[in-house]
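Structure record follows, encoded as structure tokens.
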Amino acid sequence: MNLAAIHAQQQIPSSKNVKVLHSGSSVLVRVIADKGGGQYEGSVAGVRVNLSSQNPLKPGDVFTATVNLKNGKIEVSPKTESGITFTSGKLIFENAGAVHLENLLNSLGLPTDEMNKHLAMQFKQLGMKFDGGLLRKLRGLSVRFNDREKSAGEIASILTQKGIEPDGELINSLLSLLYDTQNEEENAQKNKEEIIKIINHKNGWIFVPYEIVRADHKVLGDGIIRLLFDGANQLKKLNFNANLNQKEYRFNLDFENKHLSKLMANITPEPSASQKEEFISALQKKLIPFGKPETFWADIETVEGTGCESEEIFMVGGIV
């Protein structure tokens, strides 16, 4: 059986996006396409691989591969009973730390500033090709929105991924819908409903505005539920915020194979260190029935909007 080897990058400037793999742990391999004759295209850690299977597979199928340490490298192989092998030889992966992300942008002829890095992470989350021309175009649209450049870039990317041509007017309407205090005027509400229909017409990010209402119909708070579905129509991410009692609560939930794997939380105004610990501890207790997912406090930049800053980018280091 051929093995896919993941080369552990030793000099990553920041641990923010480092994924640690241990011997004996498992990783998921997703089937992307059926190429016929028992040959398939798949994805491991966001990188495309070729697969061969004795058993019929279909796009969206997920199977488990095992991580093993060998000769200073990390090898990933499908479980023997699966009848599946990697057919492209050993594949070398590297976690794309800050330097690699900057190199990627440089190779596209783009400045390595925070805006372009943010757009690159959004492209990664949406599974979009790293196209220098497109990235440059969306950046040009986004920087028109002072103090909201990153949010505008997320929206422009989402629209593009859904096949909708982004323009300033539509981006501005969506910024108002997703980030401004809700306007109760009838005309404004109808306009928001039309905008929601436009952006929710295709899988990817789906947006659901909601209100927290008392029994006497008094509105206590509101927010937006954001759901990210992958190409196989499985929930990948669920983000939501709640404006309640003069505070804004933000939550990012990551899912793997239909199970909650990670939850990040934030509250503004920011509470004290002890209050943060109490809040996270309470969340962890609530989540015990869901398999004790990794739960921690995160800064606003990581959890607001699409939460793409928490994405992990893996690059192919070589095929041997």
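The values are calculated or read from the model by the stated rules, or taken from the named source; none is laboratory data. If you're wondering where the values come from, they're calculated on a predicted model, not measured in any experiment. Cβ atoms come from the backbone with ideal geometry, glycine included; neighbour counts cover every protein chain shown. Just the protein is used for accessible areas: all its heavy atoms, side chains included, with ligands, DNA and RNA removed. Shrake-Rupley method; radii C 1.70, N 1.55, O 1.52, S 1.80 Å.
Table for the structure above
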| quantity | calculated |
| --- | --- |
| Extreme residue, farthest from Asn200 (Cα to Cα), among residues of the stretch 151-171 that are touching a Gly at 6+ places or on another chain (Cβ under 7 Å) and among the charged types (D, E, K, R) | Glu154 |
| Meets criteria (open to solvent by less than 60 Å² (accessible area, probe 1.4 Å), at pLDDT 80 or above and either over 25 Å from Ile206 (Cβ atoms) or of a type in the set (Gly, Ala, Ser) (or both)) for Gly127 | no |
| Contacts under 8 angstrom Cβ, first residue in the stretch 116-130 being under 20 Å from Arg226 (Cα atoms), partner modelled with pLDDT of 90 or more and of a type in the set (Lys, Arg), 6 or more apart | His118/Lys150; Leu119/Arg139; Gln125/Lys237 |
| Those helices (runs of 4 or more DSSP H) lying entirely in the stretch 101-168 with at least 1 residues under 18 Å from Ser310 (Cα atoms) | 114-126, 149-161 |
| Evaluation of Asp230 against (1) open to solvent by 30 Å² or more (accessible area, probe 1.4 Å); (2) more than 21 Å from Val31 (Cβ to Cβ) (one fails), failing number | (2) |
| Residue tally, condition open to solvent by 50 Å² or more (accessible area, probe 1.4 Å), under 20 Å from Glu309 (Cβ atoms) and touching a Leu at 6+ places or on another chain (Cβ under 7 Å), over the stretch 236-260 | 2 |
| Complete set of residues in the stretch 261-278 that are under 22 Å from Pro293 (Cβ atoms) and open to solvent by 50 Å² or more (accessible area, probe 1.4 Å) | Gln275, Glu277, Glu278 |
